[in-house]
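First comes the structure, then the notes that go with it.
The values are calculated or read from the model by the stated rules, or taken from the named source; none is laboratory data. Please read all numbers here as calculations on a predicted model, not as lab measurements. A quick note on method: Cβ atoms are made from the backbone with ideal geometry, for glycine too, and the neighbour counts reach across all protein chains shown. What goes into the accessible areas is simple: the full protein's heavy atoms, side chains included, and nothing from ligands, DNA or RNA. Shrake-Rupley method; radii C 1.70, N 1.55, O 1.52, S 1.80 Å.
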Amino acid sequence: MKVTLAAHGGLAATVNLRLPPKVLDTDTLPENAASELARLVAAAVAPPVADQPGRARDAMSYTITVEDGGRSTVLKQSDAAMTPAFAALLAWLQEYLDQQ
C-alpha cells in the first residue's frame with residue numbers, strides 16, 4: 001500500500017504550495033507500523049456518521065491518497081471539518097514522516 005499526504009492552504013499557503021506531497025510505502029515499514037497504518041486507513045475510509053462543520057478562513061486542508069491493489073482512494077478533509085478517524089490517520093502520518 002502506498003499513502004500520499006498533501007497539505008494545502010492555511011496562513012502559510014505559499015510555503016505549502018512549494019512542498020511536494022509526502023509518500024509512504026508500507027513495503028518499507030516494519031510490520032507493526034504497516035499494520036497500524038492499515039488499521040488507521042481502514043477507519044478513515046469508513047463513511048462518517050455525522051456531518052462535520054463547514055469551512056473556516058485560513059484552515060489547512062489535507063489530501064490523503066491511498067493506493068492499494070490497483071485501487072486508489074482519496075480522502076480530503078480540513079482543520080475545520082475533520083473526523084476523529086481522519087485526524088488519527090493524519091497525526092500518525094505526520095509523526096512517522098517527520099521522523100524520516
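For ASP58, the accessible area of its heavy atoms, probed at 1.4 Å with every protein chain present, is near 80 square angstrom.
Multiplying the residue separation of MET1 and ALA38 by 0.36 nm and subtracting their alpha-carbon distance yields 12.5 nm. Annotation: extensible slack from THR73 through GLN99 equals 6.9 nm (criterion: 0.36 nm per residue apart, minus Cα-Cα distance). Taking 7 Å steps out from each Cα toward its Cβ at ASP25 and ASP58 produces label points 3.9 nm apart.
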